[in-house]
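Q: What follows is a single structure, and I will ask about it in a moment.
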Amino acid sequence: MTMRSSSMESRLGLLATLVVAAFLIGPVILSVLAGLTRNAFVGVSSGLTLRWVEQVWALYADTVWRSLAIAVATLAVCLLAGVPAAWTLTVHRGRAARAFEALLTLPVAVPGLATALALIVSWGSVGALRGSTAFIIIGHVLFTLPFMVRAARASMELADLANLDEAAATLGASIAQRFLHIVVPNAVPGILTGSLTVLTLSVGEFNLTWLLHTPLTKTLPVGLADSYASMRLEVGSAYTLVFLLMIMPLLLGLQWFASRATDSRRGGRLRAPAALPDAGAAR
């Protein structure tokens, strides 16, 4: 009786998973098919074509490359600022650290349009910043940095990094040695998870980008909205296909690296102070 009940629960769980997957993936598949058919209203029976994909690439190729460049630049800034910030918040757990973390997450709670408006009012008149992609990168960093800090800090806390850092400091390791040989290796799973989140959010960010962009700095999501609003349904659907083809390999690669790093960590290969270079010689 118990085995039969367990089998029934497994089937119900599988059915629920398939229903959720169909609900999430089904619209994406239909959109992709619409971008490959001659007439989206007739369907696949009208025939398949790459005409709309070619038209999208001719009109919006610059938005694709610009979005990827902005995402990579955003990720670089988040890595340079977020990992040290996560380390600091992990080691120092006082009231000031909690207040700083609360301020850091504020842009996530504020609507993207409000953040963009604040940036325009504050920095929009500074030289040529308003019409450059750097302005969009600043907005994306404000929005995505908390996700990098939270992911990296979670790995650091799981690895008991505060105690490792303290032990390394007592052995005479410098700040640079502790950061490069203890902090970064032990936080790799969280850093990769944060990187995946930052890239995904940056490439797909619309609300904040829509107010910050200019006609010369249009990004992929803004171009996608324009294509759906002003062109045929097939063109907008083909734009969705191009978006998926550009971002999916990058996301799958990062997920693979993150899973490999997590497996290595579960295998017990944590970097302890003994892995440091000779701290006594450095002194």
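The values are calculated or read from the model by the stated rules, or taken from the named source; none is laboratory data. Predicted model, so just to flag it, every value in this text is computed and none were measured. When we count neighbours, we look across all protein chains shown, and the Cβ atoms used for this are built from the backbone with ideal geometry, even at glycine. Just so you know, the surface numbers come from the protein's heavy atoms only, side chains and all, with ligands and any DNA or RNA stripped out. Shrake-Rupley method; radii C 1.70, N 1.55, O 1.52, S 1.80 Å.
Q: [x] 16.0; [y] 27.0; [z] 22.1: which one is mean projected area of the Cα convex hull in nm² as calculated from this entry?
A: Here mean projected area of the Cα convex hull in nm² agrees with entry [z].
Q: Let me ask something else about it. Does a label point 7 Å from the Cα of L244, set along Cα-to-beta-carbon, have any residues of the range 50-69 with amide nitrogen under 17 Å, and which are they?
A: Hits in the range 50-69 for L244 at 17 Å: 50-54, 56-57.
Q: Using only alpha carbon pairs under 8 Å that are at least six residues apart, calculate the relative contact order of the range 66-217 and give it in whole percent. Let's see the in-between values first.
A: Values: 165 pairs, mean separation 62.5, N = 152.
RCO, the range 66-217: 41 percent.
Q: Follow-up question, since we're still on this one. Along the range 41-54, what does the Karplus equation 6.51 cos²θ - 1.76 cosθ + 1.60 (θ = phi - 60°) give for ³J(HN,Hα), rounded to whole Hz, x for Gly and Pro?
A: Each residue of the range 41-54 in turn: 6, 7, x, 4, 4, 6, x, 9, 7, 9, 4, 6, 5, 4 Hz.
Q: Right, another one. Enumerate by residue number the trypsin sites (Lys or Arg not before Pro) in the range 61-151 meeting two conditions: DSSP loop (anything except H, G, I, E, B), and at most 13 other Cβ atoms within 10 Å of the site's Cβ.
A: Values: sites: R66, R93, R95, R98, R130, R150; in loops: R93.
Counting only loop positions with at most 13 other Cβ atoms within 10 Å, the trypsin sites (Lys or Arg not before Pro) in the range 61-151 are R93.
Q: I want to make sure I understand the PRE zone here: with the label point 7 angstrom from the Cα of L106 toward its beta carbon, which residues in the range 115-151 have backbone N atoms less than 19 Å away?
A: 115-124, 138-150
Q: Over the range 66-217, with every protein chain in place, what whole percent of the accessible area is carbon and sulfur at 1.4 Å, could you tell me?
A: That fraction is 72 percent.
Q: With an 8 Å cut-off on Cα pairs and a minimum separation of 6 or more residues, tell me the relative contact order of the chain in percent.
A: Numbers: 317 pairs, mean separation 80.6, N = 283.
Once normalised by length, the contact order is 28 percent.
Q: Once every DSSP H run of n ≥ 4 in the chain is given -39500 (n - 2.57) and the sum is divided by its residues, what mean residue ellipticity at 222 nm do you get, rounded to the nearest 500 deg cm²/dmol?
A: On the way: 13 runs with 212 residues, N = 283.
Mean residue ellipticity at 222 nm (helix-derived): -25000 deg cm²/dmol.
Q: Computed FRET efficiency, Cβ-Cβ of L251 and N163, R0 30 Å: what is it to the nearest 0.05?
A: Numbers: r = 34 Å, r/R0 = 1.13.
So the FRET efficiency works out to roughly 0.30.
Q: So what is the accessible area of the chain per residue, in Å², with the probe set to 1.4 Å? Don't skip to the answer; put the middle values down first.
A: On the way: 15730 Å² over 283 residues.
Per-residue value: 56 Å².
Q: Order the following by accessible area, largest value first: L36, L113. Probe radius 1.4 Å; ligands, DNA and RNA are ignored. Write down the numbers at each step before the final one.
A: Working: L36 40, L113 80 Å².
Listed by decreasing accessible area, they come as L113, L36.
Q: Given labels modelled 7 Å from the Cα in the Cβ direction, how far is it in nm from A16 to L211?
A: With each label point 7 Å from Cα toward Cβ, the separation is 3.9 nm.
Q: Right, here's the next one. When averaged across all projection directions, what area in nm² does the alpha-carbon convex hull of the range 66-217 cover?
A: Numbers: hull surface 38.4 nm².
Projected area, direction-averaged: 9.6 nm².
Q: PRE reach from L59 (point 7 Å along Cα→Cβ): which of the range 205-248 fall under 12 Å by backbone N?
A: 223-240
Q: Taking 7 Å along the Cα-to-C-beta vector as the label spot, tell me the L33-A97 distance in nanometres, rounded to one decimal.
A: It works out to 5.3 nm between the two label points.
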